[in-house]
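Here's the structure, in structure tokens; my notes come after.
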Amino acid sequence: MAHVEGSPVPLSSEPPLGVLDADAPTPFGGPSLLRRVVAEPVVALMIQRALVMDVAHPKVGAGVEDHSQFRIHPWRRAWITVDTALRLVFGPTPTARAAARQIYATHDHINGHLAEPAGTWESGTAYTAHDASLLTWVWATLVDSAEVAYTRWVGPFTAAEADAYYADMVAFA
């Protein structure tokens, strides 16, 4: 993998993260456990939990600190997250693709460097919102928070439902 100095993301011959496959099927065209979980209003109460867990990762936290207006508009990031997730999960294919493109376009501008050491990362360590490990971290907070909300306030999953939920969330990722 080649790297261009000053580039926020190493360059390679592989397509970068954030490039949509226009021919890929959208995963939620019909009934799914994920749709059932997300349809429960109580699940939305956990979005703040997920967002707090997101920023527990030093690089995600730096990206949010450096590139969002959460201090000025504290509910805006939560609303945007919920709105985008709803369009991804319940929207027809064009709507879901537009929501995904919105995420990728927003992430295109989220690149920087840690201002101070954090965990195993030194000050000056680069981050990008297109980093697969950071995207996976954020995805995991959504998986966990939605599952906790649903199983705590609606009802537990059967073993088959837990497997279906995880499969849906993998497709969502």
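The values are calculated or read from the model by the stated rules, or taken from the named source; none is laboratory data. This structure is a prediction, so every number in the text was calculated from the model and none was measured. Quick reminder, even Gly has a Cβ in these numbers, built from the backbone with ideal geometry, and neighbours come from all protein chains shown. All accessible areas refer to the heavy atoms of the entire protein, side chains included, with ligands and DNA or RNA removed. Shrake-Rupley method; radii C 1.70, N 1.55, O 1.52, S 1.80 Å.
Could you check, for the stretch 72-86, whether at least one of its residues is within 20 Å of S32 (Cα to Cα), assigned to a helix (DSSP H, G or I) and among the acidic types (D, E)?
yes
Just for the stretch 87-122: of the residues that are part of a helix (DSSP H, G or I) and of a type in the set (G, A, S), which one is nearest to P58 (Cα to Cα)?
A105
Can you name every residue in the stretch 85-118 that is charged (D, E, K, R), over 21 Å from E40 (Cβ atoms) and surrounded by 17 or more Cβ atoms within 10 Å (Cβ to Cβ)?
R97
Cβ-Cβ below 6 Å, separation at least six or inter-chain, first residue in the stretch 42-69 and more than 14 Å from V82 (Cβ to Cβ) and in a helix (DSSP H, G or I), second open to solvent by 40 Å² or more (accessible area, probe 1.4 Å) and of a type in the set (G, A, S): which pairs?
From residues that are more than 14 Å from V82 (Cβ to Cβ) and in a helix (DSSP H, G or I), the pairs are P58/G119.
Of the residues V38, V60, V82, which is surrounded by 12 or more Cβ atoms within 10 Å (Cβ to Cβ) and at pLDDT 90 or above?
Of V38, V60, V82, the one residue that is surrounded by 12 or more Cβ atoms within 10 Å (Cβ to Cβ) and at pLDDT 90 or above is V60.
What pairs can you find where one residue is in the stretch 142-154 and free of Cβ contacts under 8 Å to residues at least 24 places away in the same chain, the other is among the aromatic types (F, W, Y) and surrounded by fewer than 19 Cβ atoms within 10 Å (Cβ to Cβ), and their Cβ atoms are less than 9 Å apart, with a gap of 6+ or different chains?
Qualifying pairs under 9 Å: T151/F157.
Would you pick out the residues in the stretch 134-173 that are part of a helix (DSSP H, G or I) and small (G, A, S)?
A140, S145, A146, A149, A159, A160, A162, A164, A167, A171
Run down Q69, Q48 and say which single residue is at pLDDT below 90 and exposed (fewer than 11 other Cβ atoms within 10 Å of the Cβ).
Going through Q69, Q48 in turn, just one is at pLDDT below 90 and exposed (fewer than 11 other Cβ atoms within 10 Å of the Cβ): Q69.
Of the residues W75, W137, W121, only one is aromatic (F, W, Y), in contact (Cβ under 8 Å) with a residue 60 or more places away in the chain, out of contact with any His (no Cβ under 6 Å at 6 or more places or on another chain) and surrounded by fewer than 17 Cβ atoms within 10 Å (Cβ to Cβ); which?
Going through W75, W137, W121 in turn, the sole match is W121.
Scan the stretch 119-139 for residues that are under 12 Å from the mean Cα position of the chain (by Cα) and more than 23 Å from P41 (Cα to Cα) and jot them down.
A129, H130, D131, A132, S133, L134, L135, T136, W137
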